[in-house]
Each structure stands twice: as C-alpha cells, then as structure tokens.
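Read through the structure below, which is laid out as structure tokens, and then see the notes.
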Amino acid sequence: DGDAILRDPVPDGTAALDPLDVSWRLAAASSLTGSQLDAAVLEVIRLHERRHLVDSFHYLPFEANVWRGLGLLLSFGLSPSAIEAEMERRAELAALALCSEPRIALAHIAEFVGEDDASPHVRGFSRLAGEVVDALIALGVPPASAAISRWDRLDPAVVRAAGVKLLAQLP
C-alpha cells in the first residue's frame with residue numbers, strides 16, 4: 001500500500017495516552033525487514049527477560065535482601081499484582097533503553113496501553129507509557145508530539161535517551 005498507514009492523519013485532540021494504531025505505524029516506520037526485524041524483536045524479548053533476571057537477583061532470595069524486599073512490598077501496598085506490574089514495567093523499560101531499534105519496544109508497549117484487562121503487563125506497560133511521555137516532554141519534545149499516538153514520528157535517538165533517563169532512575 002506504499003506505506004499509506006504512515007501518512008494517515010492522527011486526529012487532533014487525541015489524549016496523550018491513547019495509542020490509536022501506533023503499534024502498526026511503529027512497525028511500518030522501522031527500516032528493518034525480514035530476519036533483521038525478527039532479530040530486533042528477539043532482542044527486545046531478550047532484554048526484557050534479562051531485566052527480570054536482574055531484578056530477581058536484586059530482590060531474591062528475600063532473606064538475603066530483606067530491606068530491599070520490604071521496601072518493594074511497602075512501596076506497592078503489599079499487593080502481589082502491583083509488584084508484578086512493576087516488574088513488567090521495569091523489564092520493558094530496560095528493553096526500551098537498551099535495544100537497537102526503540103520503535104520495536106515502543107510498539108510492544110503501545111500494544112498493551114488501553115487494554116481492558118488488568119493484567120500485570122497492561123498495568124505495568126501503561127504506567128511506563130505515561131512515564132515515557134513525560135520523559136520525552138522533559139527532553140524538549142512538544143507535548144502533542146510526545147503523545148503515544150505520535151510515537152512513530154519521533155527520532156529513535158530521543159526515544160532511547162528518554163528510556164536511558166528512566167532506566168537510570170531505577171533502584
């Protein structure tokens with residue numbers, strides 16, 4: 001279709017956290033194809049899962065990391081589902097900050113934003129999406145351009161910088 005999806009207008013007044021069809025546009029905007037695209041997707045998954053391992057070594061075993069574990073439990077109101085959502089947020093943040101093609105990580109995040117279920121991925125990725133929007137704005141991206149529905153139009157270097165900034169804030 002000649003990349004028509006990339007030329008479709010995004011409606012003015014779209015809420016900052018409304019993804020519309022940005023995950024499709026992010027995939028189309030990527031210059032990667034075939035095995036390169038497959039490798040980029042696997043890289044995002046690898047980095048996401050690696051962060052889960054890093055966090056597990058940071059917090060577990062609980063008896064060896066009592067103060068960290070208690071801090072985590074208290075920070076999230078003793079809620080196992082809130083802690084699981086936080087772990088998903090942290091894992092995808094690492095993938096965004098460290099991957100070679102940030103558009104792929106952004107597409108993965110956007111796919112979960114606005115979903116109806118309250119799964120840990122939806123909750124964690126939705127929180128991360130809001131933080132990415134705020135970090136982009138803090139880096140000088142105009143608020144309308146930082147909205148999720150417009151992520152496909154961002155410079156990948158700016159996206160990576162936002163991810164790196166957020167990742168540096170993790171304990």
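What to note about this one:
- The stretch 118-124 - phi-based ³J(HN,Hα) in whole Hz, Karplus 6.51/-1.76/1.60, Gly and Pro as x: 10, 5, x, 5, 4, 5, x
- Subtracting the Cα-Cα distance of residue 161 and residue 76 from 0.36 nm times their residue separation leaves 27.9 nm of extension gain.
- Among 161, 39, 144, the largest mean-square fluctuation in a Gaussian network model of the chain, built with springs joining Cα atoms closer than 10 Å, belongs to 39.
- For the chain, the 222 nm mean residue ellipticity estimated from helices alone, with every DSSP H stretch of n ≥ 4 adding -39500 (n - 2.57) and the total spread over all residues, rounds to -21000 deg cm²/dmol.
- Residues considered: 125, 76, 62. Largest GNM mean-square fluctuation over the chain, using C-alpha springs under 10 Å, is found at 62.
- Largest mean-square fluctuation among 111, 63, 86, in a Gaussian network model of the chain whose springs join Cα atoms under 10 Å apart, belongs to 63.
- Per-residue 3J(HN,Hα) values for the stretch 12-27, derived from phi via the Karplus relation 6.51 cos²θ - 1.76 cosθ + 1.60 with θ = phi - 60°, read 5, x, 5, 4, 4, 9, 9, x, 6, 10, 4, 5, 5, 5, 5, 5 Hz in sequence order (x marks Gly and Pro).
- Computed from the C-beta positions of residue 169 and residue 3, the FRET efficiency with R₀ = 35 Å rounds to 0.45.
- Rg(Cα) / (2.2 N^0.38 Å) computed for the chain, rounded to two decimals: 1.07
- Relative to the longest principal axis of the Cα atoms of the chain, helix 102-112 runs at roughly 80 degrees.
- Against the chain, whose longest principal axis is taken from its Cα atoms, helix 66-75 shows a tilt of about 50°.
- A simple rule links phi to the HN-Hα coupling: the Karplus curve 6.51 cos²θ - 1.76 cosθ + 1.60 with θ = phi - 60°, which for the stretch 90-101 gives 4, 5, 6, 4, 4, 4, 4, 6, 10, 6, 7, 10 Hz, with x for Gly and Pro.
- Cα centroid separation, the stretch 68-103 to the stretch 147-171 (Å): 16
- Around the Cα centre of the chain, unit charges on the Cβ atoms of Lys, Arg, Asp and Glu (plus for the first two, minus for the last two) sum to a dipole of about 620 debye.
Every number in this text was worked out from the coordinates using simple rules, so none of it is lab data. Quick caveat: nothing in here was measured; it's all calculated off a predicted structure. Note: ideal-geometry Cβ built from the backbone for every residue, glycine included; neighbour counts use all protein chains shown.
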